[in-house]
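One structure is given below, encoded as C-alpha cells.
We did not get these values from a lab; they are worked out from the coordinates using the rules stated. In this text, all values refer to a predicted model and were calculated from it rather than measured experimentally. Here the Cβ positions follow ideal geometry from the backbone for every residue, glycine too, while neighbour counts run over all protein chains shown.
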Amino acid sequence: MTMETKTEADLHDIRLHGRGGQGTVSAAALLALAAFEDGFESQAFPKFGSERRGAPVEAYVRISSSTIRAHNQLYTPDAVVIQDAGLLRSEPLLRGLKRGGLIVLNGEQPAASEGDGFRWLCLPASEIGERHLGRPLPNTVLLGALAAATQWVSLAALEKAVTNHLSRKGEEVVKANIEALREGYESPSIPTSPPISAPPQPRFFKGAAGAVSKEEQAR
Amino acid sequence: MAAKLEIEPGSSNAYHTGEWRTQQPVYQNKWPPCSQICPASEDIQAWLALASAEQWQAAWHKLTERNPFPATMGRICYHACESACNRKHLDSAVNIHAMERYLGDMAIAQGWRHRSFCDDAQPERVAIVGAGPAGLSCAFQLARHGYSVTIFDDQAEAGGTLHSAIPDYRLPKSVLANEIDAILALGIELRLNSRIGEAVSESDLLDQYDAVFLAIGTQQPRLNPYNNGAEKARSNHSVMSGLEFLHRLNRGEELEIPRQVAVVGGGNTAMDVARCVRRLGAEVTVICAQDPHGTHHHELGTEMPASLTEVVEAEAEGVQLIYRAGVHRLVRSGDHLSGIEIAHVDRVHDRHGNFNPILFDGTEEFVAAELVIFAIGQESDWRGLEVLQKTTEADGVWVGGDAVSKSKLAAAAVGSGYRAAMSMMARLKGDAVIPDEHKKRKITYREMQLHYYAKQPRLEGEMNPERLDGFKEVVKGLVDDDSARHEAKRCLSCGVCFECDNCWHFCPDAAVIKIAGGYRIDYDYCKGCGICAEECPCGHIDMGNVS
Amino acid sequence: MKQLLEGSQAVAEAVRLCRPQVVAAYPITPQTHIIERLAQHVANGELDAEFINAESEFGAASIVLGAVAAGARAFTATASQGLLLMTEVLYNIAGLRLPVVMVCANRAIGAPINIFSDHQDSMAVRDAGWVQLYVGSNQEAVDTMIQAYRIAEVCELPVMVCMDGFLLTHTFEPVELPSQAEVDGYLPAFQFVRTLDPARPMTLGGASEADNYQPYRVAQHDAMENAQAVIEAFDADFETRFGRTGGGLVQGYRLDRATTVVLCMGTLMGAVAEAVDRQRDQGKAVGALRLRCFRPFPVQALLDHLKVAQRIIVLEKAISIGAGGIVAAELRAALQQAEMTIPVESVIGGLGGRDLTPAVIEAIFQQAADEKIDTQNRFAPDHSVNGEVQHG
Amino acid sequence: MDKRDPFRHNVLTSGHRACSGCGEAMAARMVSDLIGPDAIYINATGCLQVFTTHNQQSAWQAPWIHSVFANAAAVASGIEAALRISGKETPVVVQAGDGGTFDIGLQCLSGMIERGHDILFVCYDNEAYMNTGVQRSSSTPHAVRTSTSPPGRLSQGKHQLKKDVISIMAAHHMPYAATATVAYFPDLKAKVEKAMGIKGPRFLQVLSPCPLGWVHDSALSVTVSRLAVETGLFPLVELEHGELTGVMRLAEQRPVDEYLRPQGRFKHLFNSKNGAIELRHLQALADARIRRYGLLDAETEWDTDRAMQSERHGRGGYCERRSHGS
C-alpha cells in the first residue's frame, strides 16, 4: 500500500475568528466547499473543543491543488478573517500570520495597525449582513470580500457553496446570503499592501498531478 | 470463512440432580378419618369425589360397595364420620349423611339396580340367619359375587331392627323396603316367619349350606335392673321396655300412653322412645345415667351414648333430660305408678363392666310418671340356636351384627355383614382375605394445609315444620343437585390426591410430571426439597428415605 | 461524485449506506455529530432503522449487542470515557461472537478531563476481542466503515473503526460517497445463524467451567488471526469495485531503501509523510509505515515492510503507563520472534490532542539519527506556534 | 427437547443446579412457562443465570441470552428494537435478581422504561446477593443478617430499609407494574397474563424465597412467601401508569413474628433487647404498608384466602396441550 507523495508549497491557509453563534465554522466550511467547487482540494476544521455561544471561536481552511494530507493544526495562515473586531482586544488574532498576509476585518482598521506589514481589508460586514439577512451576520459578507481580495475561490463557487450548504434553510435564506456575499465581493477597496502570490492552478481529482513516484509504483 | 463455533450448549436434562436427594417425596393415599371411623368402612372420600363431579350413579355404586342402605343410613346413622371430619377444623364438617341419603333417594327414585360383580354362579350355598342390616349386607355381598344365598328370619318383615325399632319419623318404611327390594333383586331367597329350629333345623342348616352367617341381632330387652326381682317380670301398663314400645308402635298398634312418662336410658333407643312418646302427646322425662354431650368428667369420663343430633332434636321437641341420675325406686300408689325416685349416680358399671351402680344417699328426687320405659340395652335371643352358638368359623359358621357388636349401630351391622361375606368368600375360595385398599395410615388435619381450602357453609337438610304432628319424617334431604354438589365439593379429600396441581406448580425442578389421573415424580431430577409435601393441601405426599 | 463532508457526516453517510437496522448511542464529544446525523436520517426516513437513545454508553453497547443477537445489523459510536464505560460489554460482545460494528472517535481519557484526540481509549480495550482499524482520512473512514460490516459478519468478530476525534470527525474534507447500489453489491444483507429465534431456541452467554472456557478464547484468537487474510481480501475486492484502497493491514510511504522508518497510526501519517518528504529532500533514507489494522496485529505484513530498515521509530498516541509504548512493545516482540534484530525506538506523543507537526517529527528523525532516543520511552517534543521545535 | 410433560412447556427444564427448594427457580419456572417458549428471554447475571446454564448445559428451552450483570434491560431493548424493525412480535422478557434490578441494573432498566420498549421485566426478588454468598443488596429488608450486614455488638443487621422499587417503577408512569410471589400462583398467573396483554414496558417483582440466604427449611419456600404477604410486609399490588389499580386484600393480618421466626436471617432479633426493638420496628413497617395500600380494607374480592384456594383438577395450568410434542 502506498500514499501519494506530495509537496505542500501550493497550500493556502486561512484562519477565521469569531464568536459562538456568528457562523464562523460555517464560513470555514463554505470557503472550503467553494474551493472544492473550483476544483481544488480543501479542508476545513474548527478550533477543537466545545462551542459556547458568545465565546471566541476559530476555524481553519486549507486550500491546495493536491491532496491535503495534514491533519495538524494550522499555525501560519496566509489570511485571517475576523468577524468581530472586539476580539482584537483580547485574542492574539494575528499570531502566526505570514508576513504580507491578508486580514479581512468586520469593522474599522485599528489605528495601531499602520505599518505592521499586513494587508488590512476592513468593511462593515455586520451592517451589510443585517441589511440582507435581517440579522447582523457578517460571515458571507466577509467571505465575499476575501474571495474578491485573493481570488483563491471564485464568486460563482462561493454562490454554489452557499446554495448547497443553506438549501435546507429555504430559498429566502439562500437568496439573502448570496446577496450579502455579492455585496461583500463587490464592496472592498483593493488592499494596497504587497500583492499575494498568484493563485495555484486548478487541479481536478481524476488524472491528477502529484503522482506516485516510479519506485513507489514498482514496489 | 465463517467461524466454526461449538457454543450452543447441550440440555441440562443430561445432569441428574436427583442424585442430590437425601429424602424423597412419595405419593401415598391416606385413610381419611371419616372412612376410618365409619362402622361400615365406606370409602366416603371416593364417593363424595364422584358426587362432586355430578357422577351421581357412579357415586351411588361406590357407596353401595360397602353399604347397600344409603337412603336408610343417610337417615338413621349417627354419622361418626362427621364428628371425625377434618373439615371441622376449617369451618364445619361435611354433611356426609345428607349426601348419603341424597344418593340413596336418587337411586330409589331412578330405580338404579346394583351391579353384580360376577356373571358366573358360584356352586356354594350360604345360609344367613336374620334379615337385619347385617344379614342383608352379607347376603348382598355374597349375591353380587354369584353365591346362592338364603336368608331365614322369624319375623314377618325383613329389616330386623331397622324395620321393627326405628320410628317412622326417622325412617319411613317405604325407604327401607325399597332398599331391601334392591338387594333381594340380586336373586336372594328370603324365608320370613322361619325361626331356626322350627322352619329348619340347626343340623339341616349346617348340612345343606356351605357356610352360615348368624346375624340374629338383639331382640331381648333388659328390664329394670334397679329393682331386684320384683319388677323384672314382663312389662305391664306402668313399666315397659323401650324395644317393646317401639315394636308395638311400628306394628301399628294404638298405644294408650298416660300424660306423664319417664324414659330411663341415655342411648339412641331412649331418644327414639322419648320422641315417639312426645308424638303420642305425653310429657316425657329422660333419666340418663351419664353426662350430657360436651362435658368431660375427667374421672368418670362418660358422655351419654345417644347421638348429639338425637338429643338436640329431642330437646327441641320438648323432651326433658335429667343427667347423671339413676333410678332409686319406683313409687307406686297401689297398682298405679305415680313416679320414680331418682338419685345422683356416681357410676353405673364397675371395673369389670358389670352393672353395679353407686347412688349417693341424700340426693333423691321425685319424677312424676305414670309409665316408665326402660331403654337400657338389649341382648340376643339364642333360644333354638344352642348348637350353632357353639360353632366357629372353622365349622363354616360366622357370627355378626348386633349380636356381637358393642355399639349396636346399624352401620356396624352392615360392616360386620360385609366382613363376614369377605371372610366367607375367601374361605370358600381358599384365599386370604384381601385387605381394604383404602385403609392406609390415618391422616389428621395437622398433616394438611387447610388454608388452601375456601371456607364454605355446610348445607343442611331442612327440618319439617310439622314434625310433632304424627310421625312424619322430621328431616328433609338436600334440596337439589346443586346443594349436593356443593356439599360434596366441601370434602377435603383428606390424604387422597384431588389433582389440585400444587406439587406440579411448586416443584422448582420440574420434577413433578402431570399424567392422566395424577402426577409422577421424576426421581432423575427431584432434589427432595420437600415443598410438594409441605404444600400438598390434603397431605397426600410423604417425605421418606431415599430408596 | 466527491463532496466536501465533515468526517462525522461522512462516516454517518457510510453507516446509512450499510443499512443498519438498529442504531443506539449516547452522546459524547467528539462522536456527537455522527449520531446526530444518523438520528436525522432516521427522522427523515432516509434510514429505515430504530434509533435508540441509550441511557449510557454501557446501555448503548448492550442495546446493539441485543440487536445483533436478535439478527439485526447494528451500529453504535462513542469515544473516550464512553468507550471505557462500554468496556465490560465490549468484551461480552466479542465473547458472544456478535458482529457489532462501531466507531470510536478517538479521544483522550481523564483525568485531567480532555476532549482532544489521542488513542488511549481504543488502546485500553485492545484485548477485548475486537478488530481495530485506524483510519487516516474521512475517505478512509467511509471506506473502512463499509468494509467493517463485511469483515465482522464473515469473521463473526466485532469491528471498531477508530477515527481521530476532531482531526477527522470535525474536519471537512472531500469525500467520494459510493452509491447505495455499489455498497449493496459489496456488502451482502446480514444473515446470522446464531440468533435468538423461538424456531431454533439457543442459549447464548451461559456459564462455563474451567474445562470449557479456554476453547472459547482459542476460537476467538484463531478467528482474529484468520481475519488478517479476510481484511486484505475484502480491501482488495473493495479496490476492484471502487478504485480505492481502504489501507489494507499496513500502508507504507517512501519505504524504498529507507533505513529509518516511522511506524504510526491514524491521521498522524499526514504529518509523518510531510516530514519524510522533507527528510528525503535532504537526502536522508527515511520512510513511514502506517498501521491501519492494529487488531489483529499483522505481524507478517509489518515484517514484510520493515525487513530493509535499520532503525524503526514507533510514534504512538497512547501509553501503557508504567511500561511504555504499546505498539512498540508488540513490534519488538514480533521482530524478536522473527529473529530480526532491528532497533525499535519508542516515542509517545500527541497525548490529549498535543499537535505532532511535521517539524516535530523531523526533530524526532534527527534525534534518532543522533541516537538520542532511549531504547525505552521517550516523549515527543512539543511544537511552538512558529513551528520551532521545543523539547520536553 | 424435553417432552416429559404434556401440560407444560418446561421453558425452564429439569437438571438445573439451583439449591434444593429454590424460590427463584420456582418463580422463573412459573413465569417462563406462563409466557411459553415463543419468546426471547434475557437474563442478568445472578443465581438464575448461573444455575440454569452450568458449564454448557442449558436448562432453557426457549431463546435465551445472558450478557453481563447490569445490562439485561439494555440488551432486551436492542432485541426488541431489532424485532420491531423486522416486523416480528415475539415477546421479550427480562429476568433479573434484585441486584440486577434494584442496584446495578437500575439505570438500564430506567432507560428501557423511559424509552417505552415493549418488554416485560421480571425481577425475582430474593432480597440479597445470593449468587455471591448472601451479601446485602438494597432490596434486603431492615434488620436482616447478611454476610455484609452482620449483627454484632453495635448492629442488628441491615440498618437501612428495603428499597421501594415498585414505587420507583410507578414513578416512570409505565403501563403496568406489579408485585407477586410464588405462594399465590393464581395471582401470579393473572399478573403475568395481564402483563403479556399490555404493550410497552412492564415490570413484575416476584418475591422469591431463598432457603440458603433466608436460612429456612427448603420445604418452607412457599410457606414463607405466603407469610410475607399475610403479615403485610410484602404487599401484592398493581400499578398502571403510576396509579394504584389493584391490591390483594389480606383476609386477616398475621403478626410479623410468624414470618420472621422460621427464618434464620432474623434469628438474632429474638434474643436481645435491641433485637426486640427491631421486631417492633418490623411490625410497624408491616402496619404502615397495610395502611398505605389499604390491605385490610380494600374494596376488592381478591384476597389472600381466595387466591390460595385449591380446586379439584387444578387451578389452571400452562397449556392445554403442548404446542410441539406429545
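Remark: C-alpha extents of chain B on the principal axes read 127, 58, 46 Å, sorted largest to smallest. Give me the base-10 log of I(q)/I(0) for the range D:1-91 at each q in 0.12, 0.22 Å⁻¹, Debye formula, one uniform scatterer per Cα, rounded to two decimals. Each listed q maps to, in turn, -0.38, -1.17.
Each label point was placed 7 Å from the Cα along the Cα-to-Cβ direction; for C:GLN3 and B:ASN356 their separation is 12.2 nm.
Would you work out the Kirkwood radius for the range C:250-390? I mean one over the mean of 1/r across all pairs of different Cα atoms, in Å. Write out the running numbers ahead of the final one.
On the way: mean 1/r = 0.0674 Å⁻¹.
That comes to 14.8 Å for the range C:250-390.
Mind telling me which of D:SER137, D:SER221, D:SER14 comes out most flexible in a GNM of chain D, alpha-carbon contacts under 10 Å? Residue with maximal mean-square fluctuation among D:SER137, D:SER221, D:SER14: D:SER14.
Radius of gyration over Kirkwood radius for the protein assembly as shown, both on Cα atoms: the Rg/Rh ratio is 1.24. Straight Cα distances below 26 angstrom link B:LYS429 to the lysines B:LYS62, B:LYS390, B:LYS439, B:LYS440, with same-chain residues fewer than 8 positions distant left out.
For the options C:ASN92, C:ASN44, C:ASN53, a Gaussian network treatment of chain C with springs between C-alpha atoms closer than 10 Å singles out C:ASN44 as fluctuating the most.
Taking Cα pairs under 8 Å and at least six residues apart, what relative contact order does the range C:1-74 come out at, in percent?
Working: 85 pairs, mean separation 28.3, N = 74.
Across the range C:1-74, relative contact order equals 38 percent.
Overall dimensions of the range A:12-190, expressed as equivalent-ellipsoid semi-axes from the Cα gyration tensor (√(5λ), whole Å, largest first), are 21, 20, 16. Can you give me the angle between helix C:358-369 and the longest principal axis of chain C, using Cα atoms only, in degrees from 0 to 90, rounded to the nearest 10? Long axis of C:358-369 versus the principal axis of chain C: about 60 degrees. Counting only Cβ charges, +1 for Lys and Arg and -1 for Asp and Glu, the dipole size of the protein assembly as shown around its Cα centre is about 2300 debye. Within the listed set C:SER208, C:SER80, C:SER62, the Gaussian network model of chain C (springs between alpha-carbon atoms below 10 Å) gives the highest mean-square fluctuation for C:SER208. Compute the whole-percent fraction of alpha carbon pairs in the range D:167-305 spaced more than 25 Å apart. Counting every Cα pair in the range D:167-305, those more than 25 Å apart make up 30 percent.
Take the Cβ-Cβ distance between D:ASP38 and A:LYS175 as r, set R0 to 60 Å, and report the resulting FRET efficiency rounded to the nearest 0.05. Mind showing how you got there, number by number?
Numbers: r = 59 Å, r/R0 = 0.98.
Efficiency computed from Cβ-Cβ geometry: 0.50.
Starting from the Cα gyration tensor of the range B:373-424, take the square roots of the eigenvalues, sort them a ≥ b ≥ c, and report rounded, prolate or oblate (rounded when a/c is under 1.5, otherwise prolate if a/b is larger than b/c, else oblate). It comes out oblate by the Cα gyration axes. Derived value for the range C:37-78: Kirkwood hydrodynamic radius 10.8 Å. Basis is the mean of 1/r over every pair of different alpha-carbon atoms.
Every helix of 4 or more DSSP H residues in chain B counts as -39500 (n - 2.57), and over all residues that averages to -8000 deg cm²/dmol at 222 nm.
With the gyration tensor restricted to C-alpha atoms of the range B:224-379, the semi-axes of the equivalent ellipsoid amount to 23, 19, 15 Å, longest first. In whole angstrom, chain C maps to an equivalent ellipsoid with semi-axes of 35, 23, 20, each derived as √(5λ) from the alpha carbon gyration tensor and ordered largest first. Legend: mean number of C-beta atoms from other chains within 10 angstrom of residue C-beta atoms, peptide D:83-89, equals 5. Of all lysines in the structure, those lying under 26 Å Cα to Cα from A:LYS160, and not within fewer than 8 positions of it along the same chain, are A:LYS47, A:LYS169, A:LYS175, A:LYS206, C:LYS2.
Counted residue by residue at 0.36 nm each, then reduced by the alpha carbon distance between them, the extension gain from B:SER116 to B:THR295 reaches 59.7 nm. Which entries of D:LYS3/D:LYS88; D:LYS158/D:LYS273; B:LYS406/B:LYS476; B:LYS88/B:LYS472; B:LYS30/B:LYS408 have Cα-Cα distances beyond 19 Å here? Pairs exceeding the cut-off: D:LYS3/D:LYS88; B:LYS406/B:LYS476; B:LYS88/B:LYS472; B:LYS30/B:LYS408. Binning the C-alpha pair distances of the range C:72-121 at 5 Å intervals from 0 yields a P(r) profile of 5, 20, 27, 23, 13, 8, 4, 0 %, listed from the shortest bin outward.
Across peptide C:189-196, the average count of Cβ atoms from other chains found within 10 Å of a residue's Cβ is 3. Here C:ALA199 and D:THR245 are evaluated by their C-beta separation; at R0 = 41 Å the FRET efficiency comes out at 0.65.
To the nearest 0.05, what FRET efficiency results for A:ARG99 and D:SER86 with a Förster distance of 51 Å applied to their C-beta separation? Efficiency, rounded to the nearest 0.05: 0.20. Taking the 0 to 90 degree range and rounding to the nearest ten, how far is the long axis of helix B:173-184 tilted relative to the main principal axis of chain B, both from C-alpha atoms? Between the helix axis and the principal axis of chain B, the angle is about 60 degrees. The mean number of partner chain beta-carbon atoms within 10 angstrom of a residue's beta-carbon across peptide B:252-260 is 0. Overall, the ratio between the Cα radius of gyration of the range D:23-308 and 2.2 N^0.38 Å, rounded to two decimals, is 0.97.
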